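Written out below as structure tokens is the structure these notes cover.
What follows draws every value from the coordinates through simple rules; no lab data is involved. This one's a predicted model, so the numbers in the text were calculated from it and none came from an experiment.
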Amino acid sequence: MNYFKRGIGILMISVALIMMPKLSFAENGSAYKVQEQQFFESLDVPLMPGLYEIPEETIVFDKPDGRIIESQAASDHLGSVQIREFYENSLPQMGWIRVSPESFVRQEEILTMEIREQGAYHIVRFLVSPREN
């Protein structure tokens, strides 16, 4: 019976370690918690922990000169400052170069981020479109 209890204990500790959030470090060296890194369904942009994607608001359109993708996420407990800080730290790690407070470029695309308040929620809208030369 002791072996069974030990086995259950080891199993519970193993599951807890697997489920434990990882620490991720921003470029400036500050640590912020990141759970299992999730991405928007249609974008290669991370989904900030605490934001929830709104799949029915996603639009994907491929055209000869590039793609247009719009995705949105919402949170009822994160503020716009927290959201903006997360993306200002994480997008450059994925190759996006900040060109304005709301815009990033990478290769031939521009990503625009808009954060707005809607009732008790903060809504984050990402728009990826071809970059004009």
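Return the Rg/Rh ratio of the stretch 37-130 with Cα-based radii and a Kirkwood Rh.
For the stretch 37-130, the value is 0.94.
Would you kindly give the portion of the calculated P(r) for the stretch 84-133 that falls above 12 Å, as a percent of all Cα pairs?
Of all Cα-Cα distances in the stretch 84-133, 63 percent exceed 12 Å.
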